[in-house]
1. Using the crude model of +1 on Lys and Arg Cβ and -1 on Asp and Glu Cβ, and no other charge, please compute the dipole size for the chain relative to its Cα centre, in debye to 20.
2. Rounded to the nearest 20 debye, what is the charge dipole size of the stretch 140-292 about its Cα centre when +1 sits on each Lys and Arg Cβ and -1 on each Asp and Glu Cβ?
3. Cut-off is 10 Å between beta-carbons; in what order do TYR254, TYR79, TYR261, TYR271 appear when sorted fewest neighbours first?
4. What shape does the stretch 196-243 have by the C-alpha gyration tensor, where a ≥ b ≥ c are the square roots of the eigenvalues, rounded means a/c under 1.5, and otherwise prolate means a/b greater than b/c and oblate the rest?
5. Return a whole-number percent for the relative contact order of the stretch 145-224, with Cα pairs under 8 Å and 6 or more residues apart as the contact set.
6. What number comes out for the charge environment of CYS229, summing +1 per Lys or Arg and -1 per Asp or Glu over other residues with Cβ under 13 Å away?
7. Have a look at LEU196, ILE251, ILE230 and report the one farthest towards the positive end of the charge dipole of the stretch 156-252, computed about the Cα centre with Cβ charges (Lys/Arg +1, Asp/Glu -1).
8. Rounded to whole Å, give me the distance from the Cα center of the stretch 68-84 to that of the stretch 268-300.
Amino acid sequence: MTAMHPSASNRFSQLLASRPWLLADGATGSNLFEVGLVSGDAPELWNIDHPERIAALHRSFVEAGADILLTNSFGGTRYRLKLHQAEHRVAELNTAAARIARGVADASGRTVAVAGSMGPTGEIMEPIGALTFDQAQQAFAEQASALAQGGVDVLWIETMSSREEVEAAVAGAATVGLPIVCTLSFDTNGRTMMGLSPSDFAGIEKTLAPRLAACGTNCGVGAAEVVACIHNLAQAAGPDVVLVAKGNCGIPQYVDGAICYNGTPELMGVYARMALDAGARIIGGCCGTSPRHLRAMREALDAHTPGPAPELDAIVATLGEVSVGARAQWGGELSRLGGAAAGANLKRGSGRRSGGVLL
Ligand SMILES: [Zn+2]
């Protein structure tokens, strides 16, 4: 990075340049349920209605060792807010989200970056759905602008699943001029709901302008699967791309009518180390990850001597099973049929590849 580079004075870029790894925070939604959020409520409204509860959650993650705080703005596009009759409050809610996190970060006494969380619109884009590229880009640009206004260091697009929405979100975020991170949720047999594999994403990332400051995976179906996806992404993306692992706290389970995650702090510590060795430089937790889990991850990473990338057998033995699809990709089988079903003819399904995108 040269002094002329526009991101030279950016907190996120500086942290990334000065440290071998960074710890991102844990869950937003599942921790807010603990303090009164009700399923179906928009967490973003709490940026105005209960800012002290949002600040307290951010503070608990900083105290647990987080280097990056994600703002409480995941559902902050006008399309998601419309479900709560709040589509006219995009600027207000996102700027408030950014200011709350900024305040906590700046009071921490060390460098903590604030990442403006941007989740999917919830609409299906053309050609399958009705949302046009321009509409989506405008919605993301509107959110990004409000987050920048509130003082975020980086725009953090997460839980994406389609190529169209990734491109629209990055184009919208790019209007602000901050670094951009994007993570996909590979929650469907090693692919996103819309069929993208980590290898597909690596190919798409190379075509984005601007390129991403970091890319990776969040949420998903468990710690083992996230580590396998990071391995598969690292194989395809190459060593120059900064990778993010923000996996759920184990596997979701219904207990007494509520969703719980079965990951212990110990498991999340092991996950953090394996994700690092598999190639991730930014590691955090998604759904179910409490400050207690995050602290265990911080301690595990601080005490860890980086080692060789873990073998698949070691990941499965330590963190649990991975999907048939992720396993097939690990073995170099990158076609859509790879691991599609037990007994599928993988040879017949071999795809021809061009520019990182499947033909
Ligand atoms: Zn999640």
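1. Magnitude of the dipole: close to 600 debye.
2. Value, rounded to 20: 260 debye.
3. Arranged by neighbour count, lowest to highest, TYR254, TYR79, TYR261, TYR271 become TYR254, TYR79, TYR261, TYR271.
4. prolate
5. Working: 118 pairs, mean separation 26.3, N = 80.
Reported as a whole number, the value is 33 percent.
6. Numbers: positive: ARG191, LYS246, ARG327; negative: ASP187, ASP200, GLU225.
Computed value for this residue: 0.
7. Of the options given, the answer is ILE230.
8. 24
Read the figures in this text as sums done on the coordinates, not as results from a lab. A quick note: this is a predicted structure, and the numbers were derived from the prediction, not measured. Note that we place each Cβ from the backbone using ideal geometry, even for glycine, and neighbour counts take in every protein chain shown.
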